[in-house]
Amino acid sequence: MVYPRARMLDRRPGEELHEVVVIGAGIAGLACAGALAAAGRQSLVVDKGRGVGGRCATRRIRDQPVDHGVAFYHGEHPEFLAALAAVPATALPGWPQRIVGQGPPCQPEAFTRGHSRLAFVEGATAFPKALARGLALRLATRIVAIEVGDASLCLRLEAGPSLQTRELVLTPPAAQTLALLPRCAELASARALLDLVPAQPCLTLMLGYAGDGPRPEFDVCYPEDSPLQMIVHDSAKRSAAGQVVLVAQATRAWSRAQLEREASSWQATLLAEVARVVGPWAHEPVWLESHRWRYAHAGSPALASPMLVSLPGGARIGLAGEAFCAGAGVQGAYLAGLALARRMLAGQACGEETR
Amino acid sequence: MTPDASPLEALVERDQTHDCAGFGPARTCVRVVAVADLPSRFGDFKIVAFWNNRDAKEHIAMVRGEVCGASDVPVRLHSECLTGDAMGSLRCDCRDQLEAALTTFGTMERGILLYLRQEGRGIGLINKIRAYALQDRGLDTVEANLALGFRDDERDYGVAAHMLRSLDLRSIQLMTNNPNKLRGLEQHGVVVSGRIPHQLPATRHNRFYLETKAARSGHYLDFTGEPEGTKD
């Protein structure tokens with residue numbers, strides 16, 4: 001879409017003006033902003049977190065990377081695989097290799113024919129960091145409200161001057177996007193669709209052990225009949241691991257039931273479960289950390305494509321994220337972000353014709 | 001192969017080693033793999049089953065008369081619609097369209113209905129029912145339908161074009177109101193020598209569907225008549 005220069009927006013004092021603002025520096029937001037930038041459209045990517053990547057997350061614990069969100073990448077789409085191949089980090093192609101347990105993988109298609117799998121020695125964040133290179137980012141910035149103006153949208157921040165933009169891309173999980181989405185008629189069907197794909201939680205435990213002690217014989221374990229969806233031998237991804245690190249992720253149903261309980265109660269249950277599956281030695285970690293992923297998995301089955309809604313004044317709101325691509329997962333988030341950028345560049349937004 | 005094999009049956013043997021670069025963006029290649037008589041309430045047909053190299057969908061052709069090598073063969077493309085074709089849904093006119101085409105072909109010397117299994121790829125059927133639920137709440141919009149995976153304008157006619165090529169037709173008369181279908185097939189090298197209009201009266205349930213189909217996709221439809229069964 002080309003904006004006539006004459007129709008500049010009135011910038012109110014204390015407001016910043018942007019052509020495009022992308023909310024969410026996860027894979028969908030970064031892919032979208034990157035594709036826009038490649039076509040010469042600058043955007044500002046805003047995220048409430050301190051780092052990029054969203055659920056593609058890595059913590060440094062005792063000087064060792066620990067992936068406590070996405071454990072490994074998998075996909076079959078050429079563009080997604082090309083983006084992974086371009087990451088300037090040490091890839092472990094085919095990781096995980098040693099897979100045990102009869103429980104269901106989080107995304108069973110990860111192990112189907114045609115899907116490639118890989119991890120990064122430096123941590124899962126290597127991928128979002130690579131996507132974020134060259135993009136304008138504003139991290140640790142929380143948007144509290146979106147107001148619809150004449151030809152623009154005003155984003156109110158928790159702190160600091162508001163952001164004004166003609167085009168807004170929303171990529172957070174459904175519940176967070178719903179909380180921000182303006183309540184106007186043009187967005188009624190978007191709200192209804194977001195209601196169909198509520199994200200599911202995942203309680204996660206990170207466990208550190210002495211580097212010279214016992215370690216599991218697997219890369220990933222999918223226990224059967226367990227509150228655990230998977231146990232990841234995270235330190236098996238690191239080239240010079242000084243310590244053995246396991247990451248345990250609870251099933252959606254179990255996580256949902258325990259989500260609002262004291263962390264100490266679910267930590268103890270999950271730790272006991274890890275020890276039951278891996279061996280008694282696992283009951284005594286040197287350190288233990290946990291993370292409560294409130295929105296870990298997009299609701300399934302996902303929708304098929306991103307949305308791009310034109311508002312009466314001419315502003316546009318795009319919706320992307322894992323829930324907006326058939327297939328979901330990180331690949332789904334990436335492809336949804338790309339697809340939205342392409343639609344924005346092609347200027348093919350449909351006016352919402354409500355019945 | 002028996003000596004008195006019909007031209008259609010001969011296609012099965014011909015296609016056992018058929019392998020081409022494929023049609024359309026998906027580079028779809030199809031083979032004729034089975035042919036049998038199919039007497040039906042619409043008349044005597046032969047049913048032709050196709051294999052394709054892209055998905056596990058089994059497309060079929062309902063063939064009336066001797067069509068191999070023929071010109072100006074009447075052809076109808078029908079996209080599978082489980083709710084309409086099988087369940088008799090009134091939310092669309094798919095079953096009426098299907099029956100009207102088969103009834104017409106049953107009275108003709110020649111005719112082909114391609115039954116394209118384009119529904120239910122991935123989660124297509126789930127999203128269709130989600131779309132109906134939105135419609136029930138008055139939230140049926142172009143954007144919502146796009147997000148649910150319905151995009152009329154981007155349909156790939158490669159499969160249909162290859163099926164017609166495999167049936168060895170010289171030229172076809174396409175039974176359609178949709179100009180995109182004409183263009184789509186011609187782009188893949190199908191010779192369309194004419195168009196047979198295919199129009200059914202609207203009912204109170206599907207009038208909206210037909211109107212939006214006409215508005216969104218440029219179908220040749222005329223809505224001057226009152227829909228059946230409505231007085232309002």
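The values are calculated or read from the model by the stated rules, or taken from the named source; none is laboratory data. Values in this document were obtained by computation on a predicted structure and should not be read as measured data. Quick reminder, even Gly has a Cβ in these numbers, built from the backbone with ideal geometry, and neighbours come from all protein chains shown. Quick note on the areas: whole protein, heavy atoms, side chains included, nothing else; ligands and nucleic acids left out. Shrake-Rupley method; radii C 1.70, N 1.55, O 1.52, S 1.80 Å.
Report the label-to-label distance for A:V144 and B:A133 in nanometres (one decimal), using points 7 Å from each Cα along the Cα→Cβ vector.
Placing both labels 7 Å beyond Cα along the Cβ direction yields 3.4 nm.
Quick one: Karplus J couplings for region B:54-65, per residue in order, coefficients 6.51, -1.76, 1.60, θ = phi - 60°, nearest Hz, x for Gly and Pro?
10, 9, 8, 7, 9, 7, 9, 10, 9, 10, 10, x
Return the carbon/sulfur percentage of the accessible area of the protein assembly as shown, one whole number, probe 1.4 Å, all protein chains in place.
51
According to the square roots a ≥ b ≥ c of the eigenvalues of the Cα gyration tensor, what is the shape class of region B:50-119, taking rounded for a/c under 1.5, prolate for a/b larger than b/c otherwise, and oblate for the remainder?
Oblate shape, in that a/c is at least 1.5 and b/c is the bigger or equal ratio.
Starting from 0.36 nm per residue, how many nanometres of slack lie between A:V121 and A:A272 once their C-alpha separation is accounted for?
51.5 nm
If you average the sequence gap of Cα pairs under 8 Å that are 6 or more apart and divide by the length of region B:1-87, what percent do you get for the contact order?
19
How large is ³J(HN,Hα) for each residue in region A:129-142, as worked out from phi by the Karplus curve 6.51 cos²θ - 1.76 cosθ + 1.60 (θ = phi - 60°), to whole Hz, x for Gly and Pro?
4, 5, 5, 7, 4, x, 8, 7, 10, 10, 8, 6, 10, 9
If the label point is 7 Å along Cα→Cβ of A:T90, which residues in region A:55-79 have backbone nitrogen under 14 Å from it?
Counting only backbone N, you get A:64-65.
Between A:E217 and B:C68, take the C-beta separation as r, use R0 = 60 Å, and let me know the FRET efficiency to the nearest 0.05.
With R0 = 60 Å, the Cβ-Cβ based efficiency is 0.45.
Round to the nearest 0.05 the FRET efficiency obtained for A:R191 and B:A49 when R0 = 41 Å and r is the Cβ-Cβ distance.
0.40
Quote the relative contact order of region A:58-215 in percent (integer), defining contacts as alpha-carbon pairs under 8 Å separated by 6+ residues.
It rounds to 17 percent for region A:58-215.
Please list the non-local residues whose amide H lies under 5 Å from the amide H of A:C325, H modeled 1.01 Å from N, same-chain partners needing a gap of 5 or more.
Amide H neighbours of A:C325, under 5 Å, 5+ apart: A:L303.
Expected output is a single nm value to one decimal: the length gained when fully extending between B:E58 and B:A86, i.e. 0.36 nm times separation in residues minus the C-alpha distance. What is it?
8.4 nm
Please give the FRET efficiency for B:E13 paired with B:S40, using the beta carbon to beta carbon distance and R0 = 30 Å, rounded to the nearest 0.05.
So, using R0 = 30 Å, E works out to roughly 0.70.
What does DSSP give for the protein assembly as shown in terms of the percent of beta bridges that are antiparallel, rounded to the nearest 5?
So the antiparallel bridges in the protein assembly as shown amount to around 65 percent.
Step through the residues of region A:25-34 one at a time and calculate ³J(HN,Hα) from phi using the Karplus curve (6.51 cos²θ - 1.76 cosθ + 1.60, θ = phi - 60°), rounding each to whole Hz and writing x for Gly and Pro.
9, x, 4, 5, x, 5, 4, 5, 4, x
Could you state how much accessible area is buried at the A-B interface, both sides summed, with a 1.4 Å probe, in Å² to the nearest 100?
1700
Keeping all protein chains in place, calculate the accessible area per residue for the protein assembly as shown (probe 1.4 angstrom), answer in Å².
On a per-residue basis, 45 Å².
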